[in-house]
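Written out below as structure tokens is the structure these notes cover.
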Amino acid sequence: MFATHGLGFQFGGWIFIHGVTELSAITLAGAAGMRIGWSIAFPGASTRLAAAERAGRQGGVVMLGVLVMLFVAGMLEGFARQLITSDITRWSVAAGTAAMWLLYFYLPRARDG
């Protein structure tokens, strides 16, 4: 609807300034839930309860990260989206947050133990 009126670029900047972080958080939350469901459906050598407990603990850690991401998305939506009026700057913030999350999740880390 916006693109047909020549506002696609502006609308994208308005949405993606916070949407990159918010949609990434939603994806992680869904993956954590799928992990729990998968462990119940396919518990392997563990009992279903033990497999669900283990997956639930892992999912809980993921959900703490999701909480942080949703907080960041809320700050971007509540402040940055309203205070930044340049579409190029909004797209730059969106690209910057996308790069930040990609680097955070995909940079190799030293393993403990």
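For the reader, a short list of remarks on this structure follows.
- Shape call, region 50-113: gyration tensor on alpha carbons, a/c limit 1.5: oblate
- Distance in nm between pseudo-label sites at A3 and A99 (7 Å out along the Cβ direction from Cα): 2.5 nm
- The residues neighbouring I40, those whose beta-carbon lies less than 15 Å from its own, together hold a net charge of +3 under the Lys/Arg +1, Asp/Glu -1 convention.
- Local net charge near H18, Cβ-Cβ under 15 Å (Lys/Arg +1, Asp/Glu -1): -1
- Protection proxy ranking of 98-106, 16-24, by the mean of other Cβ atoms within 10 Å over each peptide's residues and highest first, is 16-24, 98-106.
- Here is what passes the span test in the chain: the DSSP H helices with alpha carbon length of 30 Å or more along the helix axis and a Kyte-Doolittle mean of 0.0 or above are 8-41, 48-75.
- Summed over qualifying helices (DSSP H, 4 residues or more, each -39500 (n - 2.57)) and divided by its residue number, the chain shows a 222 nm mean residue ellipticity of -26000 deg cm²/dmol.
- Of the residues V66, V61, the one with the largest accessible area comes first in the ranking V61, V66, computed with a 1.4 Å probe on protein heavy atoms.
- A 1.4 Å probe run over the protein chains yields, for the chain, 70 Å² of accessible area per residue, whole-number rounding.
- Global form of the chain, assessed from the alpha-carbon gyration tensor, a/c cut-off 1.5: prolate
- Counting protein heavy atoms only, the chain has 72 percent of its accessible area on carbon and sulfur, 1.4 angstrom probe.
The values are calculated or read from the model by the stated rules, or taken from the named source; none is laboratory data. These numbers come from a predicted model, not from an experiment. When we count neighbours, we look across all protein chains shown, and the Cβ atoms used for this are built from the backbone with ideal geometry, even at glycine. Note: accessible area is taken over every heavy atom of the protein model, side chains too, but ligands, DNA and RNA are not part of it. Shrake-Rupley method; radii C 1.70, N 1.55, O 1.52, S 1.80 Å.
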